[in-house]
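The values are calculated or read from the model by the stated rules, or taken from the named source; none is laboratory data. Computed from a predicted model, the values in this text were never measured in an experiment. With ideal geometry, Cβ positions are generated from the backbone for all residues, glycine too; neighbour counts draw on all protein chains shown.
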Amino acid sequence: MTTLWVEASPKEELSLSSALARSFLDAAPAAAVGEVERFSVWTDEMVVFGRDAALAKFAPLYGERRTPEQKQLWSKVLAEIERVRSFDRLVVSSPMWNWHVPHALKAWIDVIVQPMASFTVNERGEHVGTLGDGRPVQLILTRSSAYDGSRYDLQDFQRPYLEYVFTMLGYRVETLVFEPTTRWTAEERAQLREAALEKARRAGASL
Ligand SMILES: Cc1cc2nc3c(=O)[nH]c(=O)nc-3n(C[C@H](O)[C@H](O)[C@H](O)COP(=O)(O)O)c2cc1C
């Protein structure tokens, strides 16, 4: 049993979403998560999905040949997909950034979402995920404001986007949302943090 923890906040020990993921994972029964690998999407090791990767992505679909540089890059893209596939469970912790996810998380998603390698298309032209194969992904999401529908001017692209992408890839998605995370006094912030950590602990323990 192995779990990949995908960490989207760059704040490390000061991140609430990372602390919640840690709490969730620490409380989970060992049999449910096994060995946990922590992976920050902010690592410099990440494949940069730029010009060559964008051209390499469509080359076979257009009947074109990939250049040697594109082939080399593409082998790294496929290696990342296979690395993700090798885990039994994913945990994705992420803050909301400008109503969506931090760009580093989106950049990693741009690497792992690939036709033929992580999804295919059925006879009706619909996307069918082949990466998740029904395995679980736990989303742990934080945001400053409340996106509970009480404010017409606040639109949430973080939760629906992540739920859509991981469902499309074939994962079984569970979501924990912590909001609103902004509190104006240190005492209120500490209270919020404790209550949130407890909620994450309970969710982890119930796996
Ligand atoms: C660059 C940036 C953009 C943000 N954009 C939003 C936003 O659009 N909506 C929101 O409710 N909170 C926003 N926030 C607040 C964070 O989502 C919130 O503080 C969250 O709890 C941080 O989680 P973390 O400590 O794990 O990084 C933003 C924070 C940063 C740093």
**Report entry** Neighbours by Cβ (under 7 Å, 6+ apart or cross-chain): first from the stretch 134-153, part of a loop (DSSP other than H, G, I, E, B); second more than 11 Å from the ligand (Cβ to nearest atom)
**Finding:** 134/170; 134/172; 135/88; 135/89; 135/171; 135/172
Requested in this report: Restricting attention to the stretch 155-189, report how many residues are assigned to a helix (DSSP H, G or I), within 14 Å of the ligand (Cβ to nearest atom) and among the aliphatic types (A, V, I, L, M).
Outcome: 1
Query raised in the report: Do we have any residue at all in the stretch 49-58 that's of a type outside the set (Gly, Ala, Ser), farther than 26 Å from residue 12 by Cα and exposed (fewer than 11 other Cβ atoms within 10 Å of the Cβ)?
Result: yes
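Can you say whether residue 66 is on the phi < 0 side of the Ramachandran plot, part of a loop (DSSP other than H, G, I, E, B), surrounded by 15 or more Cβ atoms within 10 Å (Cβ to Cβ) and without any contact (Cβ under 8 Å) to a residue 24 or more places away in the chain, as far as the supplied structure shows?
The answer is yes for residue 66.
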Report task. Tell me, please, whether a residue that is over 18 Å from residue 202 (Cβ atoms) and more than 16 Å from the ligand (Cβ to nearest atom) can be found in the stretch 9-27. Result -> no
Query raised in the report: For the stretch 83-107, which residues satisfy the criterion of being outside any strand (DSSP E or B) and within 16 Å of the ligand (Cβ to nearest atom)?
Result: 96, 98, 99, 101, 102, 103, 104, 105, 106, 107
Report task. Determine, yes or no, whether residue 123 is outside any helix (DSSP H, G or I), surrounded by fewer than 19 Cβ atoms within 10 Å (Cβ to Cβ) and at pLDDT 95 or above. Result -> yes
